[in-house]
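For reference, the structure discussed in these notes is given below.
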Amino acid sequence: MSEKQQSLKNYNKAFTKELKKLNPAQKVAVEQIDGPVLVIAGPGTGKTHILTSRIGHILLQTDTQPHNILCLTFTDAGVHAMRERLLELIGPEAHRVHIFTFHSFCNKIIKERMELFGRHDLEPLSELERVEMIRKILDDLPQNHPLKLGKRDRYFYESQLYDLFQRMKSENWSVEYVHEKIDKYLTSLPARPDFIYKRKTKNAEKGDLKTAKIEEQKERMERLHAAASLYQKYNQSMFNARRYDFADMILWVLRAFEQNEALLRNYQEQYLYFLVDEYQDTNGSQNAILHQLIEYWDNPNIFIVGDDDQSIFEFQGARLKNLLDFYHDFQKDLTLVMLQDNYRSSQPILDSSKVLIDHNQHRAVAVLEGLKKKLKAKNKLFAKSKIIPKIIAYPNRAHEDADLVAQIEQLQKEGFPLNEVAIIFAKHKQGRNIIDLLEKKEIPYNTRRSVNILEQPMIQNLRLLLEYLQQEYSKPFSGEHLLFKIMHFDFWEIPAQDLAKLSFYIAKQKKKPLWRDVIGNSQKIYRLELESTASVSRFSKLLNQLIGDYSNMTLLTLVEKIINRSGLLRHILGQPDKEWQVQVLATFLDFVKNETDRNPRITLHRLLDILKNMDANRLSGGVNKNEGTDNGVNLMTAQSCKGLE
């Protein structure tokens, strides 16, 4: 037996052993490989395990090749987790199974058939470009337009307009579709209970229409109607600027499948088995892609895993409707599996969660007859935990924060490991006060937050230096007012005492000399008996060199030269937080590189304008920063901790 055959045999043996660990419901989900299967999988019930086990079972029981299996999920983290788990189960063959997010799958198709998708030189739309495009559309509107009428701020509806465009893309809504829905809604208003008086009032009889409320809705719908009409103009602006966003990739493939039967047929025939994770988080466009792929088969081998109770991306278009439509479309041949054995939580936690979620009427169990969901704790380690979830009401947020920190302080005194403690909040800003209190109590913590690099002192200093070079190149000596501050940057290694002497010398001259002339005159600098004449001279020479290089280098090369020749890189490598400083600098360099990729002829003047506009519009050059210590209290948002169980 060859080494490869022995390895395959070992993996098959290990995989078969793993299958025996499945509970009855999981076993049905894994072994029913033919036809449509819908799995309602509650939290902690082993979704990733059954998905990967099912892939292994298909490969073991059929002659299907790994590249004939398509597995789609919602996040890159989901792809990574599934691939890693599959590697453990079936070995290197896992790399040949097609596991993608919806976006990466569409990107794969576009790259494979680039000739069908038109222009090859498109670049992703940046946040600033998005703001500029939306504002240009609003600027061009007449003053009596519904989006401007009565508003002092002409950009009042800027964010709502962009959100509408993104929703129309992600749900595959046409302008006509939105207009039709608006008209239907307005027509229905007189019959809606919310718009009818339920009892007699001073000015209305029972059963009368609430005319003021109806008029208010008509005004809102008029704005929505007008906003939707701008959708094509936004798309044309993106096309003219050679830009696209992630939602466009799915729409391009959707249109290509509709217009090119040969393209669609190629992928329909390639994939024999389809698996979709986190189905409740798919939007209209993603769902349409999936249905185009499976409609080739009378009874498709499609395996859907989802849980409407976990739809955290509802704001991105996720809906219960997708699950219900799938159920009704394939009801005749459908295998429905409900996973209720939870391996993550204690029974009190599951029971408390059920009481809360039962208030939600938009659930599969509330619509599908005979469907029930009651999770049962099956993890022997803590299934029978006596710890009961508590609801504590506080007078205000300050009291809550103070009590949380007091409890943690007590745990610390008792010797409890703080890295086993977590505080979860909705938004990062809600944790700032808690961090302040923890620091005052000298309690260690660990958190990860997004930092705007444009607000970091190092990047602000670098930007000021670039601003000086731009001004000096455009008009010699026009940046003189910036030099004194620039020379204080620590990476030049010019002592503050030397700068004080230089400033005093220039101030006492009747005819004030220029800073550049003074620091460039070695004899004058020598007579001033500076502490570090060499540092001043190096600074002067580099400054003149950089001004001379301005028109002879690409923007990226100029920025890289400043970083390397100024001593900035050497300086940050000597700092205690050098890893963080290097990350900030690398992120800024990547930003400059991306801008030069998008516009190879970009000038320093344009780059500085982009940065100023980002500041003005509060757009962030974001980078994630770990703060605190690994042995401290974990502070995180609810969304960021999903999947870390």
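Tabulated data
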item: Pair list, Cβ < 7 Å and 6+ apart or interchain, from segment 387-416 residues that are in the same structural domain as residue 435 (by TED's automatic domain parsing) and touching a residue at least 24 places away in the same chain (Cβ under 8 Å) to residues that are among the aromatic types (Phe, Trp, Tyr) and in a helix (DSSP H, G or I); result: none
item: Scan of segment 471-523 for residues that are in contact with a Ser or Thr (Cβ under 9 Å, 6 or more places away or on another chain), over 19 Å from residue 545 (Cα atoms) and not in a helix (DSSP H, G or I), ordered by number; result: 495
item: One residue from 352, 345, 385 being at pLDDT below 90, closer than 20 Å to residue 306 by Cα and surrounded by 13 or more Cβ atoms within 10 Å (Cβ to Cβ); result: 345
item: Single match in 597, 609 (criterion: acidic (Asp, Glu), part of a helix (DSSP H, G or I) and without any contact (Cβ under 8 Å) to a residue 40 or more places away in the chain); result: 609
item: Residue in segment 575-584 that is assigned to a loop (DSSP other than H, G, I, E, B) and among the β-branched types (Val, Ile, Thr) present; result: no
item: Residue satisfying condition, being over 26 Å from residue 289 (Cα atoms) and at pLDDT below 90, within set 138, 128; result: 128
item: Strands (runs of 3 or more DSSP E) lying entirely in segment 1-118 (those with 3 or more residues that are assigned by TED's automatic domain parsing to the domain that holds residue 366 and within 24 Å of residue 267 (Cα to Cα)); result: 69-73, 98-101
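One line per residue, one yes/no per condition, for (1) without any contact (Cβ under 8 Å) to a residue 60 or more places away in the chain; (2) in a strand (DSSP E or B); (3) in contact with a strand residue (DSSP E or B) (Cβ under 8 Å, 6 or more places away or on another chain):
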position: 221; (1), (2), (3): yes, no, no
position: 227; (1), (2), (3): no, no, no
position: 248; (1), (2), (3): no, no, no
position: 293; (1), (2), (3): no, no, yes
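Table: residues versus (1) over 32 Å from the mean Cα position of the chain (by Cα); (2) not assigned by TED's automatic domain parsing to the domain that holds residue 35.
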{"residue": "335", "(1), (2)": "yes, no"}
{"residue": "339", "(1), (2)": "no, no"}
{"residue": "359", "(1), (2)": "no, no"}
{"residue": "363", "(1), (2)": "no, no"}
{"residue": "372", "(1), (2)": "yes, no"}
{"residue": "384", "(1), (2)": "yes, yes"}
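The values are calculated or read from the model by the stated rules, or taken from the named source; none is laboratory data. Note that the structure is a prediction, hence the values are computed from the model and not measured. Cβ atoms come from the backbone with ideal geometry, glycine included; neighbour counts cover every protein chain shown.
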